[in-house]
Each structure stands twice: as C-alpha cells, then as structure tokens.
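Student: Take a look at this one; I'll ask things after.
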Amino acid sequence: MKQDRKIPNSITSTSPKTYSGPNAFSRAPVMVLCLDTQSSGALFADTMPLTRLRHILDHFGPGWLDDQKIPETVSTGLAAASMIAHWTRQLLNCERGLVRSAGAITPPDKRIIIWSGYHNEQITRAALKLAIDLVHRTHNPDALAEHEIEAIHQHITHIKSRCRRDHPNYIARILMLAAEEKDLPFESNPALERMMRFGWGRNARTFLEAMPMEESYFGFHIAHNKMFTAKNIRNLGYPAPDHRIATNLKDAVTHASELSWPLAVKPVNEGQGRGITTNVNSQDALAKAFAFAQMGSNKPVLIERMIEGDDHRLLVIDGRLVAAARREPPHVIGDGQRNLRQLIEIENKKRLNDPVSRRYIKQLKPTPQLLTYIASQNLTLDSIPATDQIVKLLGNANVSTGGLATEILQRVHPAIREMVENIALNLSLKAVGLDYITSDISKPWWEVGGAIIEINTTPGIDVHIVSGISETEIGRLALGTEPARIPVVIIVARQDQQSLLTGQLREYVFAHSLDKIAIIDHAQSTLGSIQMASNGAHMPTRVSSLLSNRAVNAAMICTSPQEIIRHGFPLDHAPLVILGADSATDNYVSALSADCADTLSICDSDEDWGSPQQIEAIMQALTSTTKPRRDPRHPDRLLAAIDPELTGT
C-alpha cells in the first residue's frame, strides 16, 4: 500500500527547508518556505491587494517580473506567492549567479509553499525573508514612508553585495550555462573558494573562472609577470615588444629615451587593463602614466615600446585556437551637436538595450583614466566632436574597461595560429588567452609586424560573447571535452538491507582488485579497499566528497527514504536505481527515484540483497558507458506524480 506522504511536512514559516539534491520542486538545490494558514498563510489570502504587491516589487526590482506569466485560473494568493518566489530568484541573480528554479504551490491542506534555488543558504534565506516582509507591507494600506523605502533599498544593496562576493561570477556562469546544455553536473567546490567542479570522479574537472585546476605552476607564474612573459616569448622565437623595468620615475624617463615614443606603461603583474596607459608620448604624460601604473605602491612598472595595430584576443584551449576577437577601445561618434558627456550617455543607453550587451559590455564612466586620455586629444567632456568624428575614450581595448569586440577566427593566419598554440604548449597551459597586436591578423608578423603583449591564464571569455559567440558555445569551448559523468548506482533501502548488499559488493571489489570503485552506505565510505574519513558528515557532503575525487571510476551510493525526505535524492541521474520493497511504497521516494533513474528496479525480498544476481546487475551498471539523461521532467509533472491535487506556478 502506498504511503500518502506527498510533500514533506517538515518545513515551517520560521525555518526554511533546504534540499541539496533533486526534490519535488526541482532537480537543482532549492530552499523551501512553507506558510501554514494558522500563522502566515493569511498573507496570501484571496483578499491580497495583488496590484499593490506588483507595484512594490517592481519599485524595488524594476523589470524583474516582466517575463513571468501567471495563468488567469490560479488564485490571488498563489499568484502573489509565485511573484514573491520569482522576485527572490531575480534578486539572487541580478549581480552574480545562475539560480534557475522558483515557484509556489498550494497543497490541499491550504498551506502556501514557496521555493527558490540557491547558491548560498544564508543569502537566499535573507532574500526570502525580505520578500515576505514586502508582502507584510503590501497589506498595510498606508504608503511606505521614506525611511522604510531607504531601509529596504539598503537591505537589497546588502544582499547584492553578498551575491557579488559569494555567488559564482559571470565567467563561472558561462561555464554553468554550457554544462546545463551538455547535461553535465556541477557544483561549487566547498574546499576551494571561488572554484567550480564540473563532472564526477575521474571525469571531474575544477575551474577557477575559465582556468582549469591542472594548469602548470611555472606557466602560470610566467604569464602573471609581463617581464617574464616577454622574455619567454622571445626565447621561443616569437615576437614580443621591447621593454624596460622602472622602479622610479627617473628610471622611467631614462628608459623612455632608450625606447623612443610612443610608449605603453603597465604594472608588471596586473590584468584586465588595470593600470595601463597607452600612446604615452611626452615626459608629462609618462609621469602621470607611471603614477597610475603604480597605483599608490612602490611596485616596478613596465615601460614598453608601443606596437601599432589592432588589439586581438586569441583563446587557446587544450592546445587548439578555438576563438579570436579583435578588440576595439571604447569610442563615440560625433554628430556636431552633442558634447562628449551626452554622447557617452547615449552609448551607455544603447548598451543597456540588449540583454547580452547589458550583462557583458561595461558602462562607460568618466574615470581619471578616461579624462586623461581624451585630454591627450585636446578634448574635455564638454567638447562637441564634429559630425562623424570618431573619438576614442581609452587607449586600451579590454572589455573589462568598456571595450568592444568582433569575432575574426576565420581571418587568423596559419602562422599566427601555430604561434599561439606553440606558446601554450611550451608553457604547459590548457586554457590561455593571448593578446596579440598587429595591423593585419590575416598576414604573418614578419610581413606586417606584430607582437604578443600579454598572456592570461584566467582568460576573460566574455570578450568572445561580446564579439558574437553565444554564451553556451564559448562556455562549451572553455570546458573542453574532459568533464563528464561516471557510472553511478543508487540504492534506496533500510540500513540492514544496505549492510547485506555493501558487505557482498565490497568483498567482490576487493577480490577483483577494483580499487577505483567507491561505495557509500549509512556506516562508511570506501574507495576500493580504503576506508575514507567522513568526519561525521551527512550524506550529501559524503557523496560530494567522493565524486570530487578523481581516483573514483564508478560509485554505488546507498541511502534511505528518510535521507531523501531530509535532503533530496543523492544525484540528478543514475543508470540504475534499486528500491527496497518498503521504500517503494513511499510516493515521494518512488516518484523521485523514477525521475532520476534510467532503470528503476524493486528488490521485493530480503533474501535477494547481496545475491550474486544483484551484484552482477550492479557491476554491469558500474562498468557501463554513461548516457545523456532524458529530457528533464517539468517540476509540475513530478508534483503531479506525488499528488495529482497539487497545483503550482
């Protein structure tokens, strides 16, 4: 007989529930807030002033609900709860991150259940709390006081600040988008700040932004010092600009006379265009550029002969040139009527119109660097350029400082392609962005001139999106072909059934020297014959730990219905899931198991646990080739599999 568990009842309005694995609401981790009718549920009664709520939410999050479509048939209370859920998700995503799931349902017991995906539990809890507070304020007919509005804005600013610090950044987000398209599992690496793991076990790869963890220390060290970079490029027989190192302005002036104007002045070990001044052609300009490069420190500064030509970013992944972009410094075009300040405002508005541009192309600001650069052209923000006059606003073309880009991979000369691939090979770097200046990328440097001016080991792949490549395509290229799943079998059973099975399987693994198969049960985690230290961690942490271990070729994970109800299903996909007969009677557990399994098997008899036939079936699954997952089921359909009476948005 099926147990009528339906949606777990363990969540309350004061204690949001988190699921780290697939659950009734989403395949991804979610935080769930349950409001019962006797306490907070009245907030979402049909008397809710929905228009006022929408007005308040739009005021504090303009445009965040524009794409949300709520069916006319749902109740006012459910519509309001859904708006709160999606507003929370947008708040979590507006700075950094990729939170996908959000929604609300009304079970037959009249509770209101709201959920949102999360990257950081504390941040998401704060965002949900703020959203519920806005509902409280909606019920107050009085207009919000000025100090209340200011307090809410400060709260939102604080949450955004925490998202910028603790959520995956925009480069990680690009890789996550590509991983979703490839059905590739990923999660933040809890042991390594700012790092994301893609794939499982032997096929797992960890990235810091677009840099894989396997990068050569020596290649990384060389690339992060522009002086070492130039020396090594020249040593390999490829072109790099002449340069000198100056520790004070007097040395800089001396070096300038040796190299001749114009010059580029740069910090030795900064990236993303920070501290760089180009086209320096006088001692006064050199003094300002030197101070800008030092940034208030006593760090040495690179004085470099300017290379004439266009700035190109060439991206090499796994030894192959996969993308190339010509970068252009930010500029405006005069109309004979508007001054530079107004033209910059128009350009900034244009950059906000397109959703991709809004995310990746930076807004132009009147920084000291910009003001200095236009001053070198005898211009100020109040100057009115002539009609069709192109005014460059900065000397560098980095996207991070407002530059634009055009994709030019097909125009790259074979000699240049071979050069950058060889440099990456010699530095043992798997992912690297090389900055190359030349007047014509379709010709070799010995004909038209050119030089490698910088190597980036955490390449800003956003430049290629700005140039026209889609987010998922450049993310796929950056991930490479190595990250993938490994075969996994999941067992849902009582502890005594787990012990019978794992005892036999561990004997089999030991007897056949299968030292790369991991086994997790209620008592321990093992890899081959080695018992792993779990330090009292709960099941999701133990699973994550083993799947981060690249010594693991395959894994069997044993869990219980209670663990699934508490944390969610262990993983989003498994070739084989075996349910104990009593576990199969639970609607919630059996529906999640069926949703995450290619093959679902029910073990009816205790005598079959650990039998030769069961061991054979498990080993066959653990040594099979993993296949792409079926199309993910919509959460509503999973909810319906648990309880047909549930409705949601």
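The values are calculated or read from the model by the stated rules, or taken from the named source; none is laboratory data. Only a predicted model underlies this, so the values are computations on that prediction, with no experimental measurement involved. Because the Cβ atoms are built from the backbone with ideal geometry, glycine has one as well, and the counts that use them run over all protein chains shown. Areas reflect the complete protein model, heavy atoms only, side chains present, ligands, DNA and RNA absent. Shrake-Rupley method; radii C 1.70, N 1.55, O 1.52, S 1.80 Å.
Student: Give the peptides 151-161, 111-121, 302-312 in descending order of average Cβ contacts within 10 Å, highest first. Present the calculation step by step, with values, prior to reporting the outcome.
Tutor: Details: 151-161: 14.5, 111-121: 23.5, 302-312: 21.1.
Highest to lowest by the protection proxy: 111-121, 302-312, 151-161.
Student: Round to a whole angstrom and tell me the spacing of the C-alpha centers of the stretch 368-385 and the stretch 578-602.
Tutor: 68
Student: I would also like to ask the following. In terms of solvent-accessible area of protein heavy atoms at a 1.4 angstrom probe, what is the ranking of Leu134, Leu352, highest value first? Walk me through the numbers on the way to the answer.
Tutor: Working: Leu134 0, Leu352 80 Å².
Ranked from most to least accessible, the order is Leu352, Leu134.
Student: Rounded to whole Å and ordered largest first, report the semi-axes of the equivalent ellipsoid of the stretch 520-570 derived from its Cα gyration tensor (root of 5λ).
Tutor: 19, 11, 10
Student: In 20 Å bins starting at 0, how do the alpha-carbon pair distances of the chain split up by percent?
Tutor: Taking every Cα pair in the chain, the percentages come to 16, 41, 32, 11, 0.
Student: Per residue of the stretch 122-137, in order, report the coupling 6.51 cos²θ - 1.76 cosθ + 1.60 (Karplus, θ = phi - 60°) as ³J(HN,Hα) in whole Hz, putting x for Gly and Pro.
Tutor: Whole-Hz 3J(HN,Hα) from phi for the stretch 122-137: 5, 5, 5, 4, 5, 5, 5, 4, 5, 4, 5, 4, 5, 5, 3, 5.
Student: Report, in degrees rounded to the nearest 10, the 0 to 90 angle that the Cα long axis of helix 587-596 makes with the longest principal axis of the chain.
Tutor: 40
Student: Right, another one. How long are the semi-axes of the equivalent ellipsoid of the stretch 392-520, defined as square roots of 5 times the Cα gyration tensor eigenvalues? Whole Å, largest first. Provide the component values of the computation, followed by the final result.
Tutor: On the way: eigenvalues 517, 69, 28 Å².
After scaling each eigenvalue by five and taking roots: 51, 19, 12 Å.
Student: Using modelled backbone amide H atoms (1.01 Å from N, in-plane), which distant-in-sequence or interchain residues come within less than 5 Å of Ala431's amide H?
Tutor: Amide H to amide H, under 5 Å and 5 or more residues apart or across chains, Ala431 pairs with Asp318.
Student: Given Cβ point charges of +1 (Lys, Arg) and -1 (Asp, Glu) and nothing else, what value in debye, to the nearest 20, does the dipole of the stretch 274-417 about its Cα centre take?
Tutor: Details: 20 positive and 14 negative charges, 100 e Å.
For this selection, approximately 480 debye.
Student: By how many degrees, between 0 and 90 and to the nearest 10, does the Cα long axis of helix 340-353 differ from the longest principal axis of the chain?
Tutor: Its long axis makes an angle of about 30 degrees.
Student: Now, a different point. If you take the alpha carbon radius of gyration of the stretch 470-535 and divide it by 2.2 N^0.38 Å, what ratio comes out, to two decimals?
Tutor: Numbers: Rg = 17.0 Å, N = 66, 2.2 N^0.38 = 10.8 Å.
Working it through for the stretch 470-535, the quotient is 1.57.
Student: Sticking with this structure for a sec: Please list the equivalent ellipsoid semi-axes of the stretch 395-469, computed as the square roots of five times the alpha-carbon gyration tensor eigenvalues, in descending order and whole angstrom. All intermediate terms of the calculation are to be shown ahead of the outcome.
Tutor: Details: eigenvalues 75, 55, 28 Å².
So the three semi-axes of the stretch 395-469 are 19, 17, 12 Å.
Student: For the stretch 75-145 and the stretch 505-549, what is the separation of their Cα centres, given in Å?
Tutor: Result: 39 Å between the Cα centres.
Student: Cα gyration tensor of the stretch 56-126, axes a ≥ b ≥ c as square roots of the eigenvalues: rounded (a/c below 1.5), prolate (a/b > b/c) or oblate?
Tutor: On the way: a/c = 2.20, a/b = 1.37, b/c = 1.61.
Cα axes put the stretch 56-126 in the oblate bin.
Student: Based on the alpha-carbon gyration tensor of the stretch 356-437 and its eigenvalue square roots a ≥ b ≥ c, which shape applies: rounded if a/c is under 1.5, prolate if not and a/b is larger than b/c, or oblate?
Tutor: Details: a/c = 2.48, a/b = 2.29, b/c = 1.08.
Judged from the Cα gyration tensor, the stretch 356-437 comes out prolate (a/c at least 1.5, a/b above b/c).
Student: How much accessible area per residue does the chain have, in Å², with a 1.4 Å probe? Walk me through the intermediate numbers first.
Tutor: On the way: 29240 Å² over 649 residues.
About 45 Å² of surface per residue is accessible.
Student: Select from the stretch 184-277 those GluC sites (Glu not before Pro) which occupy a DSSP coil region and have at most 10 other Cβ atoms within 10 Å, ordered by residue number.
Tutor: Working: sites: Glu187, Glu193, Glu209, Glu214, Glu215, Glu258, Glu270; in loops: Glu193, Glu209, Glu214, Glu215, Glu270.
Here the sparse-neighbourhood loop sites are Glu193.
Student: Now a separate question. Rounded if a/c is under 1.5, else prolate if a/b is larger than b/c, else oblate: which is the stretch 290-366, with a ≥ b ≥ c the root eigenvalues of its Cα gyration tensor?
Tutor: Details: a/c = 1.96, a/b = 1.22, b/c = 1.61.
Since a/c reaches 1.5 but b/c is at least a/b, the shape of the stretch 290-366 is classed as oblate.
Student: Out of residues 5 or more away from Met556 or on other chains, whose amide H comes under 5 Å of its own, with H placed 1.01 Å from N in the peptide plane?
Tutor: Amide H neighbours of Met556, under 5 Å, 5+ apart: Val489, Ala518, Ile519, Ile520.
Student: In sequence order, what are the phi-derived ³J(HN,Hα) couplings for the stretch 509-515 according to the Karplus relation 6.51 cos²θ - 1.76 cosθ + 1.60 with θ = phi - 60°, rounded to whole Hz, with x for glycine and proline?
Tutor: 4, 5, 5, 9, 6, 8, 7
Student: Let me ask another. May I ask for the percentage of alpha-carbon pairs in the stretch 120-204 that lie more than 20 Å from each other? Kindly include the intermediate steps, with their values, before the conclusion.
Tutor: Values: 1870 of 3570 pairs.
Of all Cα-Cα distances in the stretch 120-204, 52 percent exceed 20 Å.
Student: Quick one: P(r) of the stretch 238-324 from all Cα-Cα pairs, 5 Å bins, percents rounded to integers, in order of increasing distance.
Tutor: 3, 14, 24, 22, 15, 9, 7, 5, 1
Student: In Å, what Rg and Dmax follow from the Cα atoms of the stretch 542-586?
Tutor: Computed over the Cα atoms of the stretch 542-586, radius of gyration and Dmax are 11.9, 36 Å.
Student: Sort out for me the Cα centre separation of the stretch 211-246 from the stretch 281-352, rounded to whole Å.
Tutor: Using only Cα atoms, the two centres lie 21 Å from each other.
Student: Let me ask something else about it. Show me, for the stretch 544-550, the HN-Hα J-couplings you get by feeding each phi into the Karplus relation (A = 6.51, B = -1.76, C = 1.60, θ = phi - 60°), rounded to Hz, glycine and proline as x.
Tutor: 3J(HN,Hα) across the stretch 544-550, in whole Hz: 4, 4, 5, 6, 7, 7, 6.
Student: If you don't mind, another one. For the chain, take the longest principal axis of its alpha carbons; what is the angle in degrees between that and the long axis of helix 146-166, to the nearest 10 within 0 to 90?
Tutor: Its long axis makes an angle of about 90 degrees.
Student: In whole percent, how big is the carbon plus sulfur part of the accessible area of the stretch 538-585, probe 1.4 Å, protein atoms only? Numbers along the way, then the final one.
Tutor: Numbers: 720 of 1330 Å².
Answer for the stretch 538-585: carbon and sulfur cover 54 percent of the accessible area.
Student: Now a separate question. Tell me the carbon and sulfur percent of the accessible area for the stretch 282-424, rounded to whole percent, probe radius 1.4 Å. Walk me through the numbers on the way to the answer.
Tutor: Working: 3530 of 7100 Å².
The nonpolar share, carbon plus sulfur, comes to 50 percent.
Student: Moving to a separate point now. Give me, ordered by chain and number, the residues 5 or more places off Asp586 or on other chains with an amide H under 5 Å from its own placed amide H.
Tutor: Result for Asp586 returns Gln3.
Student: Still on this structure: Out of every Cα-Cα pair in the stretch 445-583, what percent are more than 18 Å apart?
Tutor: On the way: 6273 of 9591 pairs.
Pairs farther apart than 18 Å: 65 percent.
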